[in-house]
Amino acid sequence: MILNPRQRKLLGFVQQQLTISVEELARALDVTPQTVRRDLKQMEEAKLLARYHGGVGLPSSVENIDYRQRQLLHADAKRRIAATVAARVRPGCSLLINIGTTTEEVARALVHHQGLHVVTNNLNVAAILADNPHSEVILAGGVVRRPDRGIVGEATIDFIRQFKVDIGIIGISSIEPDGTLRDFDPREVKVAQTIIEQSREVWLAADSNKFSRQALVRMAHVSQIDVLFTDARPPEPLSTVLKEAQVKVVVAPAPAPAHGAAG
């Protein structure tokens, strides 16, 4: 589904409020409730939103959102996070990069870096970085997961265990208040756990929506990562957990105001 400007605003309001009523959305968008309901019907069919008793919210955590829809969600935040990550990657580094729309944005932000050695189980990351003539890309073998072109399975894990890299850059679906990191596919989780084991430093790139989501499979705990890159300060009690675990939190800068906007 390609969202029109009004639908993008609607999605933004839901992401900020987590749950919101049709009437509140109508007032915020200055349209009729009927218009909001039509938009919601289309967006619910596209699995971008879900109707709950008394309001509208993000989809259930029982299964992950479709890959194409995940690319649309929080796209600006992901780009800002990716630019912040890339700015801290030194030329000549060795990296392990896993599956995810945020890690794919990180790859795009790295296309002009010099001398990188990148091992990945993400076909999209490999394709993006293959355009960089000054870096080496090593693609893990295994089973290709069709929707997002992630590579998973025991063969993937065995392949990754051959390497010890400077930095592992991972994405995640959920960060719980107690610091538990969760995802949806057990096969993907096992590969991510191996990336953590084979990395001297672990950088987690996750937009602030992940602080309010839930997922089924435990991957790790924030104490196993070194840096969290995100777009907003984590809420309590997660912020305290991160501090106690000595995890550095890097918040991507807010977008610059539009040219000519009142300041």
Discussion item. Antiparallel versus total DSSP beta bridges in the chain: what percent is that, nearest 5?
Written reply: 40
Item to complete: Report, in whole Å, the centroid distance computed from the Cα atoms of the stretch 199-258 and the stretch 159-177.
Response: 13
Worksheet item: Can you give the helix-only mean residue ellipticity at 222 nm for the chain, where every DSSP H stretch with n ≥ 4 adds -39500 (n - 2.57) and the sum goes over all residues, rounded to the nearest 500 deg cm²/dmol?
Response: -10500 deg cm²/dmol
Fill in: Average Cα contact separation per residue, the stretch 70-251, under 8 Å, 6 or more apart, as relative contact order %
20
Worksheet item: Between Val31, Val227, Val251, which gets the highest mean-square fluctuation from a Gaussian network model of the chain, Cα cutoff 10 Å?
Response: Val31
Worksheet item: Can you give the net charge of the other residues whose Cβ lies under 13 Å from the Cβ of Arg79, counting K and R as +1 and D and E as -1?
Response: -2
Response to the item:
Under 5 Å from the placed amide H of Ser174, counting only residues 5+ away or on other chains, we find Arg182
Worksheet item: Looking at Ile97, Ile138, Val36, which one has the Cα that reaches farthest to the positive end of the dipole of the chain (charges on Cβ: Lys, Arg +1; Asp, Glu -1)?
Response: Val36
Item to complete: Count the lysine pairs in the chain whose Cα atoms sit under 24 Å apart, keeping only pairs 8 or more residues apart in sequence or on different chains.
Response: 15
Worksheet entry | Full-extension gain in nm, Arg200 to Arg218, via 0.36 nm per residue minus C-alpha separation | 4.3 nm
Worksheet item: What label, among (1) 64, 49, 31; (2) 44, 43, 35; (3) 58, 43, 38, belongs to Cα extents along the principal axes in Å computed from the structure on display?
Response: (3)
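Since every read-out is calculated from the coordinates, none of them should be taken as a lab result. Predicted model, so just to flag it, every value in this text is computed and none were measured. Cβ sites come from the backbone with ideal geometry, for glycine too, and all protein chains shown count toward neighbours.
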